[in-house]
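Take a look at the structure set out below.
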Amino acid sequence: MIVVMKPDATAAETAAVISKAKRMGASSHPIYGSDHTVVALVGDMTQVERSVFDAMAGVLKTVRIQEPYKLAGRTSHPHNTVIDVNGIKIGGNDIVVMAGPCSVESRDQILEVAHMVKEAGATILRGGAFKPRTSPYSFQGLGEKGLQYLAEAREQTGLPIITEVMTVETVQMVSEYADILQIGARNMQNYGLLQAVGKVQRPVMLKRGISGEIKELLMCAEYILSNGNYNVMLCERGIRTYETATRNTFDLNAIPVLHRASHLPVVADPSHGTGDWELIPAMSKAAVAAGADALILEVHQSPDNALSDGDQSLKPERFAELMADLRRIAAAVDRNIATLPTDRAEAVNGLMKETV
Ligand code: PEP
Ligand code: MN
């Protein structure tokens, strides 16, 4: 149920709604809009009469939410959520490009590619330090060392970092380094992990499971939101179908479907969506045209030698060409490709000069 407060409702009236909900066993999630405050009540509200809240001072009306994803859905939160990652806004008019290698392989590798993707116009650096590999004998990532290298790359370039967290035990540690926590496709329904990232105040990018339905993705986001972390973005990264021509089937439909159902920002990952670097420019452009708020792309200075996902990694020069095309597609849909805040870019350049 959502309780819509009157525009002139006082903070005490909103607090009274929250405490009544608590007495009834529901948890409250207030959303402070420009006109109204809305309180989303979550829990078993089936036995609760709406009139109990309708009669309270400061309440304009109550609405029952039909969809099971009460906090992720648009009914409780009609306006798009915009997530601020160190001054870079995800979910607004500017489309954010996150780029970098599948895995952090060494200090030199991540520092070099970080500068290359920054040069081409990326505003967030990706790189996995904990890798969910199909085989236990494949490269598993550098662990905390990899996180330290990522932090050094952020220091040098000013690019915030996104990296995957795979276990509940490492949530705290990864949060100390990362600007965005990535939940991988294989962990979409790892509810313990979702609850754990719901309890830290770091933005989370939740990837759609390999066989995950869109409504399951939204229910998984609900786990994070209902634990108190409202900075969640949803990522379409391709799903498993009968088609074998590509690694996964990149579900473009998911982008407008998610936007219709939810206020959360939508990120597209054409690298894992296709598994094939040659297809990535076409699907990246399509994702921008379809309304994606951000792209996450794998870029490696030497894809043939990459320790993971080389087949789907763009070389930096191809990535730079793609960025130029993306700017034109973004303009055609009245959007821009996000840039690093100028003051920070300059400050960081200064810092780089000092340390070189
Ligand atoms: C990745 O981003 O490198 C990754 C492992 O992605 P996914 O979880 O979508 O397979
Ligand atoms: Mn990868």
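A quick yes/no check of all residues on (1) buried (at least 16 other Cβ atoms within 10 Å of the Cβ); (2) within 13 Å of ligand 1 (Cβ to nearest atom):
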{"site": "L295", "(1), (2)": "yes, yes"}
{"site": "A306", "(1), (2)": "yes, yes"}
{"site": "Q312", "(1), (2)": "yes, yes"}
{"site": "K315", "(1), (2)": "yes, no"}
{"site": "R318", "(1), (2)": "yes, no"}
{"site": "R328", "(1), (2)": "no, no"}
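In the stretch 89-99, is there at least one residue being farther than 24 Å from L322 by Cα and either away from ligand 1 (no atom under 16 Å from the Cβ) or crowded, with 22+ Cβ neighbours inside 10 Å (or both)?
Initially, the stretch 89-99 is screened for residues farther than 24 Å from L322 by Cα, giving none.
Scanning the stretch 89-99, I find no residue that is farther than 24 Å from L322 by Cα and either away from ligand 1 (no atom under 16 Å from the Cβ) or crowded, with 22+ Cβ neighbours inside 10 Å (or both), so the answer is no.
Exactly one residue out of A153, A196, A178 is buried (at least 19 other Cβ atoms within 10 Å of the Cβ), at negative phi and in contact with a Ser or Thr (Cβ under 6 Å, 6 or more places away or on another chain), and it is A178.
Among A40, A72, which is free of Cβ contacts under 8 Å to residues at least 60 places away in the same chain and not charged (D, E, K, R)? So the residue among A40, A72 that is free of Cβ contacts under 8 Å to residues at least 60 places away in the same chain and not charged (D, E, K, R) is A40. Residues in the stretch 95-127 that are over 16 Å from F139 (Cβ atoms), hydrophobic (A, V, I, L, M, F, W, C) and not in a strand (DSSP E or B): L111, V113, A114, M116, V117, A120, A122. When you scan the stretch 221-244, do you find a residue that is assigned to a loop (DSSP other than H, G, I, E, B), surrounded by 19 or more Cβ atoms within 10 Å (Cβ to Cβ) and among the charged types (D, E, K, R), even just one? Within the stretch 221-244, one or more residues are assigned to a loop (DSSP other than H, G, I, E, B), surrounded by 19 or more Cβ atoms within 10 Å (Cβ to Cβ) and among the charged types (D, E, K, R).
Has the stretch 197-204 got any residue that is closer than 23 Å to S103 by Cα and either part of a helix (DSSP H, G or I) or touching a residue at least 60 places away in the same chain (Cβ under 8 Å) (or both)? Yes. Under the condition of being free of Cβ contacts under 8 Å to residues at least 12 places away in the same chain and within 13 Å of F130 (Cα to Cα), the residues counted in the stretch 144-190 number 1.
Kindly provide the set of residues from the stretch 253-278 that are within 16 Å of ligand 1 (Cβ to nearest atom), part of a helix (DSSP H, G or I) and either within 15 Å of the chain's Cα centre (by Cα) or more than 19 Å from K207 (Cβ to Cβ) (or both), ordered by number. Full working, then the answer.
Going residue by residue through the stretch 253-278, those that are within 16 Å of ligand 1 (Cβ to nearest atom) are 254-255, 258, 266-277.
Going one step further and asking which of them are part of a helix (DSSP H, G or I), we end up with 254-255, 258, 270-274, 277.
Scanning the stretch 253-278 gives A254, I255, L258, P270, W277.
Check Y137 against each of (1) under 21 Å from the mean Cα position of the chain (by Cα); (2) away from ligand 1 (no atom under 16 Å from the Cβ); (3) aromatic (F, W, Y) and name the one condition it does not meet. Tallying (1) under 21 Å from the mean Cα position of the chain (by Cα); (2) away from ligand 1 (no atom under 16 Å from the Cβ); (3) aromatic (F, W, Y), Y137 fails exactly one: (1). The single condition from (1) out of contact with any helix residue (DSSP H, G or I) (no Cβ under 9 Å at 6 or more places or on another chain); (2) farther than 16 Å from G100 by Cβ that I180 fails is (2).
Residue pairs whose Cβ atoms lie under 7 Å apart, separated by 6 or more positions or on different chains, with the first residue in the stretch 284-309 and more than 12 Å from L322 (Cβ to Cβ) and within 11 Å of ligand 2 (Cβ to nearest atom) and the second part of a loop (DSSP other than H, G, I, E, B) and aromatic (F, W, Y), are L307/F139; S308/F139.
Given the condition touching a Pro at 6+ places or on another chain (Cβ under 6 Å) and at negative phi, answer yes or no: does some residue in the stretch 223-243 qualify? The answer is yes; a qualifying residue exists. The set of residues in the stretch 2-12 that are buried (at least 17 other Cβ atoms within 10 Å of the Cβ) and either on the phi > 0 side of the Ramachandran plot or out of contact with any strand residue (DSSP E or B) (no Cβ under 6 Å at 6 or more places or on another chain) (or both) contains only A9.
Throughout, read-outs are computed from the coordinates displayed, never taken from laboratory work. None of the values given here were measured: they were computed from a predicted structure. Every residue, glycine as well, gets a Cβ built from its backbone with ideal geometry; the counts of neighbours run over all protein chains shown.
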